[in-house]
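The structure appears below as structure tokens.
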Amino acid sequence: MSRLLIVDDDIQMLSALEAALRRKGHTVETASNGIDAASKLEKETVQAVITDLRMPGMNGLELLQHVRRTKPAMPVIVLSAYGTVPMAVEAIKAGASDFLMKPFSHEALDEVLNKLSAGGSGIRTDLQSAEIITQNPLMLSLLDQAAQAAKTQATILVQAESGTGKELLARWIHRNSLNHNGPFVAVNCAALPENLLESELFGYEKGAFTGANGFKPGKFELAQNGTMLLDEIGEMAPLLQAKLLRVLQEQEVDRVGGKRPIPIKVRVIATTNKDLRKLIARGQFREDLFFRLNVVPLRIPPLRDRKDDIAVLTQYFMKKFGGIADAQVDNETVELLDRYGWPGNVRELENIIHRAYALRGRLKITPADLFDQSVDTPESTALQAGHSVSEMERKLIMTTLEQTNGNRTHAARLLGISLRTLRNKLREYRVEETVTV
């Protein structure tokens, strides 16, 4: 978050925030009211908005709604000296990325900005994008199951490979649920260390720890009468697993430093790209938590098992990035797409189509557009008879790392997977080598 817009009618607060954020290396624009802020957003390019809630003219909530209409992807952090949980929930439902009570520490604001920069555990409420494109019988059957489960309050566990659309399915379930008018709150369990994740999930009271200058509602409270997505649940530390189990059993949360539990009514959807039963066998995941989460198990098939979706997904992404609904793909490209192993699944397909338009702007994609030539083409990595899919996935990853001189960030981008997924894969390979030896 290098360029920020701060909005507050309290000039002293505005100046203090501006000075603190500039010391952290941010470029800062300021506005003393919502109308001025909306005008600046039309002229200036910023990466996030930090706004007070109570202001004359256009207040913070109205500014938030304006930003959601004009710049849907822009994060907005709402501040208030009169904060309550219902007020925070209202801001989250309107699309706020986070909510901070005044007074707050600079560390608390840094934490929120760092989460947004990492794309990590912030609250994501863009449910209009919860569109699932498929004609595959396995996926259609899965959606039927998900639609049936959406009518209940049952906890759902989505297990699938990275890039298959686990969060997209969670959003789809929320949009089709009885809680669809409530907030959708997503927390990435792998993005934060254990101590920060606990306060994020359950909130904290004033004075609970150094820097806790006021109370902060946790994500479970903010998801009241809505849906909580626990992304990458397999990465959660064992101590937090025990606390989460109690939340699911008792339907109440204890804030850090709190004196009494707070009742909640929240539908929980957990997702993971790991085999939780294997983690249980290794003592890394609680079996009782697994059974509590696994009330409705859903498995999204990888793209290699739903090849009949490649054509419709390609058409969808061509329309999305090229703006042409009837753009055509030549037969050679279609054949190549069908033969490829797709270790990065739908996300990899989307990245490939996006790259073709970003670099060449073509409306007709050819095989040369589809795969970055700095790494081996699919023919040399994925189309060797006698090798398993996992072996070819490993070869593709190691070849890409070799071609990028070990640059994991670049390699992950070329592979169409997240850096965290790449690290997990490399860790698995090292374990396998140890066992083999």
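The values are calculated or read from the model by the stated rules, or taken from the named source; none is laboratory data. Predicted model only: the values in this text are computed from it and were never measured. Note that we place each Cβ from the backbone using ideal geometry, even for glycine, and neighbour counts take in every protein chain shown.
Odds and ends about this structure:
- Scoring T84 on the criteria (1) under 24 Å from P193 (Cα atoms); (2) surrounded by fewer than 21 Cβ atoms within 10 Å (Cβ to Cβ); (3) modelled with pLDDT under 75 leaves a single failure, condition (1).
- Residue ID - surrounded by the most Cβ atoms within 10 Å (Cβ to Cβ), chosen from residues in the range 87-103 that are of a type outside the set (D, E, K, R) and in a loop (DSSP other than H, G, I, E, B): A96
- Any hit, the range 183-190, residues being at pLDDT below 90, surrounded by 23 or more Cβ atoms within 10 Å (Cβ to Cβ), part of a loop (DSSP other than H, G, I, E, B) and not hydrophobic (A, V, I, L, M, F, W, C): yes
- Residue satisfying all of: in the range 57-75; touching a strand residue (DSSP E or B) at 6+ places or on another chain (Cβ under 7 Å) and over 21 Å from S15 (Cβ atoms); surrounded by the fewest Cβ atoms within 10 Å (Cβ to Cβ) among these: M74
- Residue satisfying all of: in the range 132-172; under 20 Å from F291 (Cβ atoms), within 22 Å of the chain's Cα centre (by Cα) and among the β-branched types (V, I, T); surrounded by the fewest Cβ atoms within 10 Å (Cβ to Cβ) among these: T155
- Single unsatisfied condition, Q384 versus (1) modelled with pLDDT of 75 or more; (2) among the polar types (S, T, N, Q); (3) more than 28 Å from the chain's Cα centre (by Cα): (1)
- Restricting the range 31-56 to residues that are polar (S, T, N, Q) and more than 29 Å from the chain's Cα centre (by Cα), the residue that is surrounded by the most Cβ atoms within 10 Å (Cβ to Cβ): N33
- At least 1 residues being under 20 Å from the mean Cα position of the chain (by Cα) and small (G, A, S) is the threshold, and among the strands (runs of 3 or more DSSP E) wholly inside the range 226-335 those reaching it are 267-272.
- Checking each residue in the range 62-80 for being among the aliphatic types (A, V, I, L, M) and in a loop (DSSP other than H, G, I, E, B) picks out A73, M74.
- Any hit, the range 168-177, residues being touching a Pro at 6+ places or on another chain (Cβ under 7 Å) and in a helix (DSSP H, G or I): no
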